[in-house]
């Protein structure tokens, strides 16, 4: 096993590390994003609902996922969870009203006027139709029209595109066309309502070089408000050896390498939001980082993947790799290594975000975190880390006026 400091011994080292200094409150700052994905399926076995979110610690929520049909139509992914599930205590009426997860997200928006909620379209499972839809003017128009209609009906603040991934430069150019038409569509929609506040257009973006090199990142930057960098899954069950899944440093296979490529490609640093995992990836029968492994273990909900709130597992020791800007737990008896971001890593990454003038932090996904108030809560940790460094969080107002929504309670402001 590689000799590294256990977390308890490493804490003091980080405070003396270059990443440990604080910016004075008067220092010029960029309003930062704290964003999490909320997944529709969290309400089932995970028993996690939107009202459980620490909305006072967040600036943005991405609701995952809407699906994409081959004709370009954007449709809800799970209508019962999204709009139909009736919360206990909510009176039944004869009117057409919004329920489900999206009603709860609307209530959070009403209580926290700086909280913006976007509909995320696609994802790993539902990206199949993106290439064909983006390649045709006709299907792009359908995509733009139906996605904005959904956004309006559901009372949301923007659209998040999660195309995983364009496979060629040609598909990358089609992606730019889709974003251009979406941006124009959103601006036209805002103008038609007399809205001065912009509707958001964002995208979940890869950290793997083979994927981001297919895209015209500089052109995309003209239309996207934020690039949500999926800066995780750098290692996993597909890897030859056990490795860090979200290491900040360490050559071409690192978050820093991807960030620098995006910036060199013309993406303003303030539009880059660093994604971080609220989960761990496991390797079994291994001697440590860089060593062979056999198997990935049971996981919380799928093989080899553990909710962060379960980590470190009983019998494991949590380690902080200062050089890599990464952490993991290791059980020497079982030979099990799990790579994830600990609170120590969030301190390091928050300072990197400040020093490199990035746009903020994004997380996948909220159900795997400890509840707010827990000393190891990921969302609490990043919020406190930014505030302690004298950073301002984005306070731009969300939208609450949707007079043409098909839902009576959305038209009435919920």
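The values are calculated or read from the model by the stated rules, or taken from the named source; none is laboratory data. Being a predicted model, the structure only gives us computed values, none of them experimental. Glycine gets a Cβ as well: all are built from the backbone with ideal geometry, and neighbour counts include every protein chain shown.
Observations on the structure shown:
- Count of region 164-187 residues, restricted to those that are surrounded by 15 or more Cβ atoms within 10 Å (Cβ to Cβ), assigned to a helix (DSSP H, G or I) and touching a residue at least 40 places away in the same chain (Cβ under 8 Å), is 14.
- Against the numbered list (1) under 20 Å from the mean Cα position of the chain (by Cα); (2) free of Cβ contacts under 8 Å to residues at least 12 places away in the same chain, residue 360 comes up short only at (2).
- Filtered residues of region 48-76 (kept if part of a helix (DSSP H, G or I) and either surrounded by fewer than 19 Cβ atoms within 10 Å (Cβ to Cβ) or in contact with a strand residue (DSSP E or B) (Cβ under 7 Å, 6 or more places away or on another chain) (or both)): 50, 51, 52, 56, 57
- Subset of region 82-115 [in contact with a helix residue (DSSP H, G or I) (Cβ under 8 Å, 6 or more places away or on another chain), within 14 Å of residue 154 (Cα to Cα) and not in a loop (DSSP other than H, G, I, E, B)]: 82, 83, 84, 100, 101, 102, 103, 104, 105, 106, 107, 108
- Hits in region 1-47 - residues which are at pLDDT 95 or above, under 22 Å from residue 306 (Cα atoms) and in a loop (DSSP other than H, G, I, E, B): 44, 45, 46, 47
- For residue 337, the requirement of being buried (at least 24 other Cβ atoms within 10 Å of the Cβ), modelled with pLDDT of 95 or more and not in a helix (DSSP H, G or I) is met.
- Number of positions in region 138-154 that are touching a residue at least 24 places away in the same chain (Cβ under 8 Å) and out of contact with any helix residue (DSSP H, G or I) (no Cβ under 6 Å at 6 or more places or on another chain): 10
- Selected residue [at pLDDT below 95 and either within 27 Å of residue 255 (Cα to Cα) or surrounded by fewer than 23 Cβ atoms within 10 Å (Cβ to Cβ) (or both)] from 414, 379, 393: 414
- Any hit, region 125-132, residues being at positive phi, in a loop (DSSP other than H, G, I, E, B) and touching a residue at least 24 places away in the same chain (Cβ under 8 Å): no
- All positions within region 364-393 that are assigned to a loop (DSSP other than H, G, I, E, B) and farther than 17 Å from residue 37 by Cα: 373, 374, 375, 376, 389, 390, 391, 392
- For region 188-207, the set of residues classified as within 24 Å of the chain's Cα centre (by Cα) and either buried (at least 20 other Cβ atoms within 10 Å of the Cβ) or part of a helix (DSSP H, G or I) (or both) consists of 199, 200, 201, 202, 203, 204, 205, 206, 207, listed by residue number.
- Filter pass, residue 140 being over 30 Å from residue 89 (Cα atoms), modelled with pLDDT of 95 or more and surrounded by fewer than 17 Cβ atoms within 10 Å (Cβ to Cβ): no
- Which listed residue, of 350, 329, is in a strand (DSSP E or B) and either under 21 Å from the mean Cα position of the chain (by Cα) or touching a residue at least 40 places away in the same chain (Cβ under 8 Å) (or both): 329
Results for (1) touching a helix residue (DSSP H, G or I) at 6+ places or on another chain (Cβ under 6 Å); (2) in contact (Cβ under 8 Å) with a residue 12 or more places away in the chain; (3) under 30 Å from residue 325 (Cβ atoms), shown as yes or no for each residue.
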| site | (1), (2), (3) |
| --- | --- |
| 156 | no, yes, no |
| 160 | no, yes, yes |
| 198 | no, yes, no |
| 215 | yes, yes, yes |
| 230 | no, yes, yes |
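- Residues located in region 271-327, provided they are more than 25 Å from residue 37 (Cα to Cα), crowded, with 19+ Cβ neighbours inside 10 Å and in contact with a helix residue (DSSP H, G or I) (Cβ under 8 Å, 6 or more places away or on another chain): 318, 319, 320
- Residue that is nearest to residue 168 (Cα to Cα) [pool: residues in region 208-224 that are at pLDDT 95 or above and crowded, with 20+ Cβ neighbours inside 10 Å]: 215
- Given (1) closer than 30 Å to residue 328 by Cα; (2) crowded, with 18+ Cβ neighbours inside 10 Å; (3) touching a residue at least 60 places away in the same chain (Cβ under 8 Å), index of the condition residue 234 fails: (3)
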